[in-house]
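Visitor: Structure provided below as structure tokens; questions to follow.
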Amino acid sequence: MTPSIRRRWPWFLLVGSLALNMLAGGFVVAHAFRPPPPPGPEQMLERFVDEVSARLSSADATILRKALDDARPLFVRIRVGREEFAPRLRTELMAEPFDPKRLKALFESIHANDAALRSEFEARVADTMSRLSPEGRLRLAESRLP
């Protein structure tokens, strides 16, 4: 009876190894065909500036590109604010004792920060538009705005 058990043991190893390899292969294939994450606001705006700059005068295109370059620190602050939110929310949700007032204060601070950043972005856009020529603003108005 012992010899038949010894002969079957490698068979179970082979089937188990095959199953694990197929599972690992499935993860690799699924990861390879996963769509890329959607572009963030900075990438969308950069693509828009690239597309519209081809139809603008060189002076207007330069103004637009410089405004985008000057706004990069603002985009970093927006990204950092969003990345910091999840850990802060997690900390508040796991706190013992749970304090709903602290959670509400967290949401209010996030909203206030978002509003301040949005306001700064809108002020930059208004300032940039005021420096463009009337023809450049017309070209922007005719384009597909983000």
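The values are calculated or read from the model by the stated rules, or taken from the named source; none is laboratory data. No experiment lies behind these values; they were computed from the predicted model shown. Reconstructed Cβ throughout: ideal geometry from the backbone, glycine too, with neighbour counts over all protein chains shown. Just the protein is used for accessible areas: all its heavy atoms, side chains included, with ligands, DNA and RNA removed. Shrake-Rupley method; radii C 1.70, N 1.55, O 1.52, S 1.80 Å.
Visitor: Give me a count of the residues in region 107-138 that are hydrophobic (A, V, I, L, M, F, W, C), part of a helix (DSSP H, G or I) and touching a residue at least 60 places away in the same chain (Cβ under 8 Å).
Guide: Final tally of qualifying residues: 0.
Visitor: Then there is this: Within region 17-35, restricting attention to residues that are in a helix (DSSP H, G or I) and modelled with pLDDT under 85, which residue is most open to solvent (accessible area, probe 1.4 Å)?
Guide: The selected residue is Phe27.
Visitor: Of all residues being modelled with pLDDT of 80 or more and open to solvent by 80 Å² or more (accessible area, probe 1.4 Å) in region 36-47, which is farthest from Arg82 (Cα to Cα)? Just the residue, please.
Guide: Arg47
Visitor: Next question, about the same structure. If a residue must be under 18 Å from Ala59 (Cα atoms) and open to solvent by 100 Å² or more (accessible area, probe 1.4 Å), how many such residues does region 125-146 contain?
Guide: Of the residues in that region, 2 qualify.
Visitor: Of the residues Glu96, Glu92, Glu84, which is among the acidic types (Asp, Glu) and outside any helix (DSSP H, G or I)?
Guide: Residue meeting the stated conditions: Glu96.
Visitor: Taking region 101-124, which residues are surrounded by 15 or more Cβ atoms within 10 Å (Cβ to Cβ) and closer than 14 Å to Arg79 by Cα?
Guide: Ile110, Asn113, Leu117, Phe121
Visitor: For residues in region 55-71 being open to solvent by less than 40 Å² (accessible area, probe 1.4 Å) and not in a helix (DSSP H, G or I), which is farthest from Ala141 (Cα to Cα)?
Guide: Ala71
Visitor: Same structure again: Return yes or no: is Phe48 in contact with an Asp or Glu (Cβ under 7 Å, 6 or more places away or on another chain) and under 24 Å from Leu145 (Cα atoms)?
Guide: No; evaluated as a whole, the condition is false for this residue.
Visitor: So, one more: May I ask you to list pairs of residues, at least six apart or on different chains, whose Cβ atoms are under 8 Å apart, with the first in region 43-54 being part of a helix (DSSP H, G or I) and the second being open to solvent by 70 Å² or more (accessible area, probe 1.4 Å) and at pLDDT 85 or above?
Guide: Val49/Arg65; Val52/Arg139; Ser53/Arg65
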